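The values are calculated or read from the model by the stated rules, or taken from the named source; none is laboratory data. Quantities reported herein were computed from a predicted structural model and do not represent experimental measurements. Here the Cβ positions follow ideal geometry from the backbone for every residue, glycine too, while neighbour counts run over all protein chains shown.
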Amino acid sequence: MRILVTNDDGIDSVGLHVLARAMRPFGQVVIAAPDQEYSGASAAIGALHIMRPEVHRRHVDGIDEAWAISGAPALCVFLSRFGLFGDPFDLVVSGINPGVNVGRSVYHSGTVGAAVTARNAGITGIAISQAVTGFGVEGQGWDDAVKGQLWDSAAEVAATVVRGWAANRTDEPVVINVNVPNTPLDQIKGWRRTSVGMQVPRAVVNANLVPKEGYENSFTVDLSYGEPVPLPEHTDGGAVEAGYVAVTYVSRYDDVAHHGTDEIHGELTGLVGDANTLRS
């Protein structure tokens, strides 16, 4: 089995390296990751008609082939479809992201976006994220916070998920979003299959424009965060807060019934004529 490992934190991320090495028992592992930080990039691939991405070989201990790409994680996955990194891949694993990707952050996550892009190409994508203990709550900076990451716990969970998937591969490619507590493996309470929640553990509550010194009509944006909030345990974020591994199968975008559709359809009919539906 050929496994592509990527992330949204960049080629130098410790979590990426630990995850890639954890995938070695399952087959041939290739890293293709952004050359810099791309958190929050979702499934963006960029303006392909005007950009010309750069690709550079990199060394990662224990991995035979690693590439740094000047683009988002979804672009790394997209380019892999065309043989840039060898034969087609059977699986894409994205992570380990420092910080959970739960609730509405799932829609913005570059970690999850890489898995979604894999699924769009007919390949199962697994996103692996891990809670960061106390970040933004105890006042420490990001570099200090991630020093406490127990990467091996998340890597062992990732390997277990891949082992289960490989034992009975689904015919239909899926996106599996896995979030892991930042605790020793023997202290994780268990796992739960969860839904995507509507909240994040700590949300932005305010944004202010701050004048940029030395520049006229230019500003930086200062974001303020609210206090951490408890989340329902049946959701992805709540399960991780309670000490469980959260496993969520992320669905495709699809057409759903919604209140007000009759009014919308009536307005469109008035503008361009009768509806022509493709659905039976």
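Within the range 157-167, the set of residues being touching a residue at least 24 places away in the same chain (Cβ under 8 Å) and more than 14 Å from Ala246 (Cα to Cα) comprises Ala159, Val162, Arg163, Trp165, Ala166.
Applying a threshold of 7 Å to beta carbon distances and a minimum spacing of six or more residues, or different chains, the list of pairs starting in the range 27-50 at a residue that is without any contact (Cβ under 8 Å) to a residue 60 or more places away in the chain and among the aliphatic types (A, V, I, L, M) and ending at one that is part of a loop (DSSP other than H, G, I, E, B) and crowded, with 19+ Cβ neighbours inside 10 Å reads Val29/Met23; Val30/Phe85; Ala32/Phe85; Ala33/Asn7; Ala33/Ile11. Consider Ala239 against the criteria (1) in contact (Cβ under 8 Å) with a residue 12 or more places away in the chain; (2) not in a helix (DSSP H, G or I): it satisfies all of them except one. Which criterion is unmet? Against the list (1) in contact (Cβ under 8 Å) with a residue 12 or more places away in the chain; (2) not in a helix (DSSP H, G or I), Ala239 comes up short only on (2).
Has the range 89-96 got any residue that is under 25 Å from Ala246 (Cα atoms), touching a strand residue (DSSP E or B) at 6+ places or on another chain (Cβ under 7 Å) and among the acidic types (Asp, Glu)? So far as the range 89-96 goes, yes, one or more of its residues are under 25 Å from Ala246 (Cα atoms), touching a strand residue (DSSP E or B) at 6+ places or on another chain (Cβ under 7 Å) and among the acidic types (Asp, Glu).
Test Ser105 against the criterion of being farther than 12 Å from Ala33 by Cβ, buried (at least 22 other Cβ atoms within 10 Å of the Cβ) and small (Gly, Ala, Ser), and give yes or no. So Ser105 passes the test.
The strands (runs of 3 or more DSSP E) found wholly in the range 58-145 and carrying at least 2 residues that are hydroxyl-bearing (Ser, Thr, Tyr) and at pLDDT 95 or above occupy 124-130. Going through (1) at pLDDT below 90; (2) surrounded by 18 or more Cβ atoms within 10 Å (Cβ to Cβ) one by one, Asn179 falls short only on (1). Assess whether Val256 counts as being assigned to a strand (DSSP E or B) and of a type in the set (A, V, I, L, M). Judged against the criteria, Val256 is not a match. Residue check: Arg104 meets all listed conditions (1) farther than 26 Å from Asp152 by Cα; (2) of a type outside the set (S, T, N, Q); (3) in contact with a Phe, Trp or Tyr (Cβ under 6 Å, 6 or more places away or on another chain) but one, namely (3). Taken as a whole, the range 205-227 holds no residue that is in contact (Cβ under 8 Å) with a residue 40 or more places away in the chain and surrounded by 14 or more Cβ atoms within 10 Å (Cβ to Cβ).
Comparison of Thr170, Thr183 shows that the only residue that is assigned to a loop (DSSP other than H, G, I, E, B), in contact (Cβ under 8 Å) with a residue 60 or more places away in the chain and farther than 11 Å from Ala239 by Cα is Thr183. Within the range 79-93, the residues that satisfy the criterion of being over 22 Å from Trp165 (Cα atoms) and either of a type in the set (Asp, Glu) or surrounded by 12 or more Cβ atoms within 10 Å (Cβ to Cβ) (or both) are Leu79, Leu84, Phe85, Gly86. Within the option set Ala20, Ala33, Ala41, being crowded, with 16+ Cβ neighbours inside 10 Å and in a helix (DSSP H, G or I) holds for one residue only, Ala20.
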